[in-house]
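One structure is given here, and the rest of the page talks about it.
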Amino acid sequence: MRIELVKRKEHSQTMALLSPVIAVALTALSAAILFSITGHNPFVGLYKFFIEPLTQQWSLEATIDKATPLILIGCGLAICYLSNNWNIGAEGQFVVGALFGCALPILYPDFENVATLPLMLLFGAIGGALWALIPALLKTRFNTNEILTSLMLVYVAGLLLDYLVRGPWRDPDGYNFPESRIFSDAATLPEVFGGAMSLSAPITIVVAVILAIVLAKTLKGFEIRVMGESPRAGSFAGFSAKRLTLFSFALAGALAGLAGTMEVSGALNQLLPSISPGYGFTAIIVAFLGRLNPIGIIIAGFVLALSYIGGEGVQSAMGVSNEIASVIQGLLLFFVLACDTLILYRIRFTSRRIADGEASHV
Amino acid sequence: MGDSVAETTLPEVDETVQRQDRSEKETLLNAKGLTKRFGDILANDNVDLVINKGEIHALLGENGAGKSTLVKMFYGSLEPDAGEIFWQNQKVTIGNPASARELGIGMVFQHFSLFEALNVVENIALALPNPGKMSDLAKRIETVSRDYGLPLNPDDIVADLPVGIRQRIEIVRCLLQEPQLIIMDEPTSVLTPQEADQLFLTLQRLAAEGCAVLYISHRLEEVKRICHHATILRHGEVVRECDPTLETAASLASMMVGADVASVSAGDTKPDIGETRLALQGLSAGAATPFATALNDISLELKAGEVVAIAGVAGNGQGELFDAISGEMRVAPQMVQLDGKPCGSKNITWRRKQNAAFVPEERLGHGAVPGMKLSDNIVLTRHGTGDRLVGGGFVSNVEAGALEKRIKQAFDVRMSHDDPEARSLSGGNLQKFVVGRELDRKPGVLIVNQPTWGVDAGAAALIRQALIDLARSGSAVLVISQDLDEIFEIADRIAVISRGYLSDPEPAAAMTRERVGLLMAGGAEAQGEVA
């Protein structure tokens, strides 16, 4: 008896929808095992982690706050990954975007009018895009590996933030705490729906819907999908791989930068030495769990946001280390990628002997 | 085919072996009732096959007839759902290729599995269970390859070798294991006529020594020439067995497709030659990678109303020439001209808008995106050519779907359900689709690389006729092909490409296979250097 992977003739639509669900189920199972071997009741653990955050208004609002940047960044990353550009540096683009966006209220605190916030958001998007264009240009000009360069720039961005907050951008009236000044009202993202969520949430949903339409219905979306699946066919179609690399990195960077600006101007209201609990990295999982589809990413963003809130929940209620959230996120990515195999392959249990090694060769 | 060599040097082999009665010979492999099912498709249905010792046995059939499935069961890479295989009268179960090789069954694949950066002896050592010392192996390779008339230098790097020699490596690799049955899948598709003759000598010698050969080919003339017996598969069943020497190519073809194959006719009327549509002037381009071929000062004028064919053995610059004409590789503006407009530096979409169309050699992954639906694959090459497929940046799925249906009907593309992913079509059907997608536009200039490579006889005839019809309707057609039968069937003028040099095109009526063979073997190069 052995297990075989048999290639399907076409992609399975059912599996494309089912594979994230299977992945979440397997992750929950693994989490339960983790809880039990650390001496906790697995059912209570799972409840506290995945369910309880959804039962209370404050935790639901917190989940939306966390999901918003994840979804926005994840949508941009999906465009990159669909077109075969492996942008791992969204965390850095998020930070640099935040820096660009905050430059206005920090350096010109007296510039307070209706244009303040839109300008901040614009600068934030530009900053993120510029930071993302560095690995893109290196890739198109010198053929460097964008996975490495984009990742390394995350740490450069982090140090830049650290330097600015502790140095030139420190609040002059802040008793030497490493914080910028608090933003004025004109520079603060307003809340909507009676304070239930920040304006960033509806903006994110609009962006995701627009991207979903672009991907599914337009020639640009077609170009992105073709390039990801078959670059040779893409160049036969007349699409330029280099231009698309620049485009997708710039778009992903702009969205990450926008998310960064909205985070500091909304949730934090000032610049701190650390402004992200790893949104840029978690968004990679969000993008894949959402099947690189903006609508799927909205759902996936909520699932991953839950893991942040749930991690805090199990820590305070059960004394399990907060790090369990990172472990569960990692497991989730692992299972998502593994389950994706099922979209193009099916599993067959067989008692027969077959030489798969050379079967593929023939 | 250029048969003078083999027929004059080996008359006794032809005479003695072919005329023998099959039943007198010793049975080597006897397959009874082999059945293999893939999902809904019955790939092999109760197939019986007997291969005798010392027999060159042809396995004929259209694409999708079940030939590959059958030989994979012999080679152990597929297991039959039902049926039995007897090897020298012993019932055997061939579980994997290693046990097939232990029995004495070897296989030479259509697509080579060689590492280009390694040398000959290293490549062979990788495939042997016990390669032993490299120096000993190198000596064995030299001896065996010389004995069988396939001389190899063990120290040559594969990347430097032409395709014909690469195939020798595969064959010698097989011979080193002293097989009693060699399965060959389309071995001559990559060879010049002269190289093919050399291979036939080797096969006849092997047969004379008692080794059996199971020979898969689409080239009926060569099957007629060298095979002793033929089994014909259609839709997974054995429909006929015959002695190919007693048949004609046309009768073999009609057995394969189950009906008379429409013969391709160039029409009695002389082609009405018009203006120059495509001109290449001193087209040169360096090799982009160590494994690519440089193009050297290629000039050609392609006129409205004619089919010009470029013959040549694979890997002599055909792909690079195609890329330069299509615009996937950019060159100096004057080097490529469409209707007198310099466009060497323009992109492929610009050239398509000039009413040029292109069909590349590789169907999946170049001409079509494997995981995308056929309607999406229509958008792939026609988004810029004003078929109302794109409006305001939005792709119209309705228009694309309508085009897909039109092409499917006009070119008889068969599919299990409407608008499937490209990867699920068989090679012949996908080729009909890829060619049909371009012909549907009625392009003024059509460039096709290997129009019927690996395509069954019925589909090939349909495609060739469509190419001729396009030219007769006033378009210019350039066909790059390795198939000489095809070239002589459809071309008005023939040029030969060799190591990146192109010979002057000559009228097809004045060309012979021998002359084409000489040009392939380097004559084109000499001509190019003189010119």
Within segment A:162-216, tally of residues that are out of contact with any strand residue (DSSP E or B) (no Cβ under 8 Å at 6 or more places or on another chain) and assigned to a helix (DSSP H, G or I): 23
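In segment B:394-417, which residues are surrounded by 12 or more Cβ atoms within 10 Å (Cβ to Cβ) and farther than 26 Å from B:Asp456 by Cβ? Show your work before the answer.
Looking only at segment B:394-417, we keep the residues that are surrounded by 12 or more Cβ atoms within 10 Å (Cβ to Cβ), and these are B:394-397, B:399-408, B:410-416.
Result: B:Phe394, B:Val395, B:Ser396, B:Asn397, B:Glu399, B:Ala400, B:Gly401, B:Ala402.
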Inspect all residues belonging to segment B:186-195 and state whether any of them is at pLDDT below 90 and in contact with a His (Cβ under 9 Å, 6 or more places away or on another chain). yes
Suppose we keep only residues that are part of a loop (DSSP other than H, G, I, E, B) and crowded, with 20+ Cβ neighbours inside 10 Å within segment B:418-453. Which one would you say is modelled with the highest pLDDT? B:Pro443
Somewhere in segment B:324-341, is a residue surrounded by fewer than 17 Cβ atoms within 10 Å (Cβ to Cβ), more than 9 Å from every other protein chain (Cβ to nearest Cβ), in contact (Cβ under 8 Å) with a residue 60 or more places away in the chain and not acidic (Asp, Glu)? yes
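Give the number of residues within segment A:19-51 that are without any contact (Cβ under 8 Å) to a residue 40 or more places away in the chain and among the aliphatic types (A, V, I, L, M). Give the steps one after another, and end with the answer.
As a first pass, look at segment A:19-51 and keep what is without any contact (Cβ under 8 Å) to a residue 40 or more places away in the chain: A:21, A:25, A:28-29, A:32-33, A:36-37, A:39, A:41-43, A:46-47, A:51.
Now narrow it down to the ones that are among the aliphatic types (A, V, I, L, M): A:21, A:25, A:28-29, A:32-33, A:37, A:46, A:51.
Adding up the residues that qualify gives 9.
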Within segment B:456-476, track down each residue that is within 13 Å of B:Val445 (Cα to Cα), aliphatic (A, V, I, L, M) and in contact with an Asp or Glu (Cβ under 8 Å, 6 or more places away or on another chain). B:Ala471, B:Ala476
Can you tell me how many residues in segment A:219-240 are touching a residue at least 40 places away in the same chain (Cβ under 8 Å) and either small (Gly, Ala, Ser) or more than 14 Å from chain B (Cβ to nearest Cβ) (or both)? 1
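In segment A:68-78, is there at least one residue being touching a Lys or Arg at 6+ places or on another chain (Cβ under 9 Å) and either among the β-branched types (Val, Ile, Thr) or more than 22 Å from A:Val327 (Cα to Cα) (or both)?
Filtering segment A:68-78 for residues touching a Lys or Arg at 6+ places or on another chain (Cβ under 9 Å) gives A:78.
Filter once more, so that each one left must be either among the β-branched types (Val, Ile, Thr) or more than 22 Å from A:Val327 (Cα to Cα) (or both): A:78.
Scanning segment A:68-78, I find at least one residue that is touching a Lys or Arg at 6+ places or on another chain (Cβ under 9 Å) and either among the β-branched types (Val, Ile, Thr) or more than 22 Å from A:Val327 (Cα to Cα) (or both), so the answer is yes.
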Report the residue count in segment B:393-416 for those that are within 10 Å of chain A (Cβ to nearest Cβ) and within 22 Å of B:Gly458 (Cβ to Cβ). 1
Failed condition for A:Leu255, given (1) under 22 Å from the mean Cα position of the chain (by Cα); (2) free of Cβ contacts under 8 Å to residues at least 24 places away in the same chain; (3) surrounded by 24 or more Cβ atoms within 10 Å (Cβ to Cβ): (2)
Hits in segment B:362-381 - residues which are more than 9 Å from chain A (Cβ to nearest Cβ) and out of contact with any Pro (no Cβ under 9 Å at 6 or more places or on another chain): B:Arg363, B:Ser375, B:Ile378
Looking at (1) more than 23 Å from B:Phe38 (Cβ to Cβ); (2) in contact with a His (Cβ under 8 Å, 6 or more places away or on another chain); (3) hydrophobic (A, V, I, L, M, F, W, C), which is the one condition that is false for B:Leu126? (2)
Can you confirm whether segment A:165-178 contains a residue that is at pLDDT 85 or above and closer than 15 Å to A:Ala259 by Cβ? no
Contact list please: Cβ distance under 6 Å, first residue in segment B:64-81 and in the same structural domain as B:Lys32 (by TED's automatic domain parsing), second residue among the basic types (Lys, Arg), pairs at least six apart or on different chains. B:Ala65/B:Arg234; B:Thr69/B:Lys36; B:Leu78/B:Lys72; B:Glu79/A:Arg352; B:Pro80/B:Lys36; B:Asp81/B:Lys36; B:Asp81/B:Arg37
Of the conditions (1) surrounded by fewer than 16 Cβ atoms within 10 Å (Cβ to Cβ); (2) closer than 11 Å to B:Gln177 by Cα; (3) within 14 Å of another protein chain (Cβ to nearest Cβ), the single one that B:Gly106 does not satisfy is (1)
Given (1) surrounded by fewer than 21 Cβ atoms within 10 Å (Cβ to Cβ); (2) in a helix (DSSP H, G or I); (3) touching an Asp or Glu at 6+ places or on another chain (Cβ under 9 Å); (4) not small (Gly, Ala, Ser), A:Phe288 misses just (1)
Being more than 30 Å from B:Glu361 (Cα to Cα), surrounded by fewer than 24 Cβ atoms within 10 Å (Cβ to Cβ), over 20 Å from the mean Cα position of the chain (by Cα) and among the aliphatic types (A, V, I, L, M) narrows it down to one residue among A:Val303, A:Val320, A:Val314; which is it? A:Val320
So is B:Ala159 within 15 Å of B:Asn123 (Cα to Cα), of a type in the set (Gly, Ala, Ser), touching a residue at least 12 places away in the same chain (Cβ under 8 Å) and out of contact with any helix residue (DSSP H, G or I) (no Cβ under 6 Å at 6 or more places or on another chain) or not? yes
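This table checks each residue for (1) in contact with a Leu (Cβ under 7 Å, 6 or more places away or on another chain); (2) among the acidic types (Asp, Glu); (3) modelled with pLDDT under 95.
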residue: A:Val206; (1), (2), (3): no, no, no
residue: A:Glu229; (1), (2), (3): no, yes, yes
residue: A:Arg232; (1), (2), (3): no, no, yes
residue: A:Phe247; (1), (2), (3): no, no, no
residue: A:Leu255; (1), (2), (3): yes, no, no
residue: A:Gly260; (1), (2), (3): no, no, no
residue: A:Glu263; (1), (2), (3): no, yes, yes
residue: A:Leu268; (1), (2), (3): no, no, yes
residue: A:Leu271; (1), (2), (3): no, no, yes
Residues of segment A:113-159 being within 15 Å of A:Glu91 (Cα to Cα) and surrounded by fewer than 16 Cβ atoms within 10 Å (Cβ to Cβ), which ones? A:Ile147, A:Leu148, A:Met152, A:Tyr155, A:Val156, A:Leu159
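Only residues that are within 15 Å of B:Val307 (Cα to Cα) and touching a residue at least 60 places away in the same chain (Cβ under 8 Å): list them for segment B:487-506, please.
Keep residues of segment B:487-506 that are within 15 Å of B:Val307 (Cα to Cα), which gives B:487-496, B:504-506.
Scanning segment B:487-506 gives B:Ile487, B:Glu489, B:Ile490, B:Ala491, B:Asp492, B:Arg493, B:Ile494, B:Ala495, B:Val496, B:Pro505.
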Residue count, segment B:457-507 (criterion: on the phi > 0 side of the Ramachandran plot and either in a strand (DSSP E or B) or among the basic types (Lys, Arg) (or both)): 1
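Which one of these is of a type in the set (A, V, I, L, M, F, W, C), assigned to a loop (DSSP other than H, G, I, E, B) and under 22 Å from B:Arg205 (Cβ atoms): B:Leu152, B:Leu78, B:Leu114?
Working: B:Leu78 fails: under 22 Å from B:Arg205 (Cβ atoms); B:Leu114 fails: under 22 Å from B:Arg205 (Cβ atoms).
Only one candidate passes the filter, namely B:Leu152.
Taking B:Val435 as the residue in question, decide whether it is in contact (Cβ under 8 Å) with a residue 24 or more places away in the chain, out of contact with any Lys or Arg (no Cβ under 8 Å at 6 or more places or on another chain) and either closer than 21 Å to A:Ser230 by Cβ or not β-branched (Val, Ile, Thr) (or both).
Working: in contact (Cβ under 8 Å) with a residue 24 or more places away in the chain: yes; out of contact with any Lys or Arg (no Cβ under 8 Å at 6 or more places or on another chain): yes; either closer than 21 Å to A:Ser230 by Cβ or not β-branched (Val, Ile, Thr) (or both): yes.
So B:Val435 fits the description; yes.
Restricting the search to segment B:137-150, which residues are surrounded by 14 or more Cβ atoms within 10 Å (Cβ to Cβ) and out of contact with any Asp or Glu (no Cβ under 8 Å at 6 or more places or on another chain)? Spell out how you get there, then give the answer.
Step one: list which residues in segment B:137-150 are surrounded by 14 or more Cβ atoms within 10 Å (Cβ to Cβ), which gives B:137-138, B:140-142, B:144-145, B:148, B:150.
Passing the criteria: B:Leu137, B:Arg140, B:Ile141, B:Glu142, B:Val144, B:Ser145, B:Tyr148, B:Leu150.
The values are calculated or read from the model by the stated rules, or taken from the named source; none is laboratory data. Fair warning: this is a prediction, and the values are worked out from it, not measured in the lab. Cβ: placed from backbone, ideal geometry, glycine included. Neighbour counts: every protein chain shown.
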